[in-house]
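Since the structure comes first, as structure tokens, the remarks are kept for the end.
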Amino acid sequence: MRRRELLATTLSLPLAMGTTRLAAAGPQTSKLLVVFLRGGYDAASLLVPISSNFYYEARKDIAIAKPSSNSNSSTGVDAGAALPLTADWGLHPALRESLYPLYQQGELAFVPFAGTDDLSRSHFETQDSIELGQPTSGHKNYASGFLNRLAAVVSGSTPMAFTEQLPVILRGGEKVANTALKSLAKPAIDARQSDLIATMYRGTPLASTVQEGFSVRQELMRDLAGEMEAANRNAITAKGFALKARRIAKVMRGDFNLGFVDVGGWDTHVSQGAATGYLANRFDELGQGLAAFSQEMGSRWKDTTVVVISEFGRTFRQNGNRGTDHGHGTVFWVLGGSVKGGRIAGEQVTVSRNTLFQDRDFPVLNDYRAVLGGLFQRQYGLSTAQLAQVFPGAVVNDVGLI
């Protein structure tokens, strides 16, 4: 697909954001997709610390069982148990058919204890802080996101935001195109249908009950959806992500080589589930999408890197609603045809109560700017000066992801 044909089929036009390009690096063939999970996903359910007894003590209802071969299934594997990665870590079973094969093929790595030194535990502040990629202390330039600055130093970069509006991460001096992937889902019963049903019962003994039921339903939906919708910032949901991911891949196989997409629905304060349930479904849908993206990239997969990040992790202990609350350290996912995967990368620590941050969260041992800086340095051959433009003031930590 040529660029002219692509722009004719996308839903919005490029947004002009600046003027001149800075000193460039290469190679031009390399492609990068950043996936932002808005809402702060529960990393301890994704990458399960199976060697930690404290994990199972702290999560009586939502822990993922240790890997087991005891099963009556045809596969000989317990479908509700973690998938074995290392002696210390397992993977959520919802990713068995999608991402687990990529890990086994050496094309997927995880970086635990990752994140930022931002301690606000606010979705909005931490999302902005990460997308800006600037030091958390001192003045911030909200018109300069780190992916835009990366585009400025990479030769031949053509960035694309797969979002309704240009996200903070791609604001800046480089021109960036954006196209919306989100389809606006209709509620099962909309306002017009509610009115019709209420009319049917008007004048009957059930009229007040029906009307009250609709009122309670609307109020409840507003209360439950309010925080999650705000945290999502208009991001698409994981539902149906496989189709959306294939559309992204078709675009990135062409001229666009630096992409961004955000996926909402990860703020699991209530009933997040364990091997099954709400969070498991989100992991399944996201995993299917990322696997579909890798397949759709075809021969370009070998030149492609996908990085999955979130603003923070969640509390290590479950809360009283069998969910988790806003935390600190999280787990990054890095996958691609040239990724040195099949391993858990970066600095790590034994998971116990003594190693929790503030006795509640995963600590941050792998600063996101340091880790991504090391990744970008390998992928694009960036110089020290160019890395300083992308992540000013950061000390790069190359954990060998490529």
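Tabulated data
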| read-out | value |
| --- | --- |
| Sequence-separation-based contact order of region 260-402, relative, with Cα cut under 8 Å and 6+ spacing, percent | 20 |
| Linear extension gain, residue 51 paired with residue 140, 0.36 nm per residue minus alpha-carbon span | 28.0 nm |
| Estimated inter-spin distance, residue 97 and residue 383, nm [label 7 Å along Cα→Cβ] | 5.0 |
| Separation of the residue 321 and residue 276 label points, Cα + 7 Å toward Cβ, nm | 2.3 |
| Net +/- balance of residues flanking residue 59 in space, Cβ distance below 15 Å, scoring K and R +1, D and E -1 | +2 |
| In region 93-186, GluC sites (Glu not before Pro) in a DSSP loop with at most 14 other beta-carbon atoms within 10 Å | 97 |
| Percent of Cα pairs exceeding the 26 Å cut-off, where the set is region 249-402 | 37 |
| Loop-resident sites, region 138-171, for trypsin sites (Lys or Arg not before Pro), counting at most 16 other Cβ within 10 Å (DSSP) | 140 |
| Sites matching chymotrypsin sites (Phe, Trp or Tyr not before Pro) across region 101-142 that sit in DSSP coil, with at most 15 neighbouring C-beta atoms within 10 Å | 142 |
| Only Lys, Arg (+1) and Asp, Glu (-1) charged, at Cβ; region 90-132 dipole about Cα centre in debye | 280 |
| Size of charge dipole - region 256-331 - debye, nearest 20, with Cβ of Lys, Arg +1 and Asp, Glu -1, no other charges | 220 |
| Reciprocal mean inverse distance between Cα atoms of region 115-172 - Kirkwood radius, Å | 12.1 |
| Mean shadow area of region 61-164 over all directions, Cα convex hull, nm² | 11.3 |
| Exposure proxy order (Cβ contacts within 10 Å, fewest to most) of 315, 324 | 315, 324 |
| Residue among 156, 127, 114 farthest towards the positive dipole end of region 49-164, charges placed on Cβ | 114 |
| For region 330-361 versus region 370-393, the gap between their alpha-carbon centres in whole angstrom | 21 |
| Residue 180 paired with residue 65, simple spin-label distance in nm, labels 7 Å along Cα-to-beta-carbon | 4.4 |
| Length released on extending from residue 119 to residue 105, taking residue separation times 0.36 nm less the Cα-Cα span | 1.4 nm |
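Readers should treat all values here as calculations from the given coordinates under stated rules, not as data from a laboratory. These numbers come from a predicted model, not from an experiment. So basically every Cβ, Gly included, is an ideal-geometry build from the backbone, and we count neighbours across all protein chains shown.
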